Amino acid sequence: MSAGRAEVCVVACAEAWRGDGEILASPMGVVPAIGARLARLTFSPDLLLTDGEALLMAEVPALGAQARAVEGWLPFRRHLAVVTGGRRHVMMGAAQLDRHGNQNISCVGDWHRPDRQLLGVRGAPANTLNNPTSYWIPRHSPRVLVEKVDMVSGVGYDRAAAAGPSATRFHRIPRVVTDLAVLDFETPDRTMRVRSLHPGVTAAELQAATGFPLEVPRDVPRTRLPSAEELRMIREVIDPDGLRAREVRG
């Protein structure tokens, strides 16, 4: 069985939670949700998953299905306690993301008179300062990967460092997964670099789709393909309706 681009992205998202242990996974988006469930079923069995409301699931149902077995109750007030203690790893989206990991989901253009009003800051500041935060970008383009965000919603490495120890205690951006590549910030100055290129994508194509210079390590690897068993789980167990294809181009 050959994997499609969406399935490569699912595995890349799942890898963000590898080794996290007993921590709450909070995926936002179809592909991250499939990835978190795949991680739970394979190499991260201690991950905690919610039904999106107030229940911790003891099993991993297909997308859109209700869990038949529940292992805990996580109402909003308890969820906030988990968030502020570094015991959650969220994967958010971004309308804009810059080279330092600052995220914008609030507005595009000048803040006083924006060209587009988006979601608002929402919980992004608390997410980024209080627990590990990764990002999922289904359409990698210079409009999203920008030199400087129009407004900071989620805090990047440069702003966290400037704010001091209280901001850096739990601040960490482990991974940025896009439809073209996997990126991270494992550089001396904590700026974005290429961790792996998805199959069929060249470094030149990735750079052309990015609004700032990317650091590309020598002999950058390819994003790993899902195993046959992972493909079976994605296609038959977690996402039998193929919702992943709606979020990622073929």
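The values are calculated or read from the model by the stated rules, or taken from the named source; none is laboratory data. Treat the numbers as computed from the prediction; the structure is a model and nothing was measured. Positions of Cβ are backbone-derived with ideal geometry, glycine not excepted, and every protein chain shown enters the neighbour counts. Side chains are part of the model used for accessible areas, which takes the heavy atoms of the whole protein and leaves out ligands, DNA and RNA. Shrake-Rupley method; radii C 1.70, N 1.55, O 1.52, S 1.80 Å.
Annotations for the structure displayed:
- When only the Cβ of Lys, Arg, Asp and Glu is charged (+1, +1, -1, -1), the dipole of the range 1-114 relative to its Cα centre reaches about 160 debye.
- q = 0.10, 0.14, 0.23, 0.25 Å⁻¹, the range 60-164: log10 I(q)/I(0) [Debye, one scatterer per Cα]: -0.36, -0.65, -1.22, -1.33
- Accessible heavy-atom area order of 202, 133, highest first, probe of 1.4 Å: 202, 133
- Dipole moment magnitude, nearest 20 debye, the range 63-218 about Cα centre, only Lys, Arg, Asp, Glu C-beta charged: 580
- Residue-level accessible surface for residue 157, protein heavy atoms, 1.4 Å, Å²: 30
- Dipole of the chain, positive direction: furthest Cα of 4, 92, 245, with charges on the beta-carbon: 92
- Surface calculation, 1.4 Å probe, protein heavy atoms: residue 121 sits at approximately 40 Å² accessible.
- Length gained on full extension, residue 208 to residue 76, computed as 0.36 nm times the residue gap minus the Cα-Cα distance: 43.3 nm.
- In Å², nearest 10: area of residue 20 left accessible to a 1.4 Å probe: 40
- Most mobile of 68, 172, 87 in a GNM of the chain (Cα contacts under 10 Å): 68
- Rounded Å value of the spacing that divides the Cα centres of the range 83-153 and the range 39-54: 24
- Contact order relative to length of the range 80-227, as percent, for alpha carbon pairs under 8 angstrom and 6 or more apart: 24
- Only one of [x] 8, 34, 38, 18, 2; [y] 7, 31, 37, 21, 4, 0; [z] 7, 31, 34, 14, 5, 4, 3, 1, 0 was calculated from the structure for P(r) over Cα pairs in 10 Å bins from 0, in percent, and its label is [y].
- Share, in percent, of DSSP beta bridges within the chain that are antiparallel, nearest 5: 50
- Per-residue accessible area (protein heavy atoms, 1.4 Å probe) orders 187, 168 as 168, 187, starting from the largest.
- Gyration tensor verdict on the range 90-142 (Cα atoms; rounded if a/c is under 1.5, prolate if a/b is larger than b/c, oblate otherwise): oblate
- Within a Gaussian network of the chain (alpha carbon springs, distance under 10 Å), most fluctuating of 143, 122, 218: 218
- Carbon + sulfur, % of accessible area of the range 107-157 - ligands and nucleic acids excluded, 1.4 Å: 53
- Of 216, 31, 90, the one that fluctuates the most in a GNM where the chain has Cα springs shorter than 10 Å: 216
- A 1.4 Å probe run over the range 57-208, with the rest of the protein chains in place, finds 49 Å² accessible per residue.
- Considering only 154, 196, 165, and ranking their Cα positions along the charge dipole of the range 132-233 that arises from unit charges at the beta-carbon of Lys, Arg, Asp and Glu, the one farthest toward the positive end is 165.
- Listed residues 71, 22 arranged by accessible area, highest first, probe 1.4 Å: 22, 71
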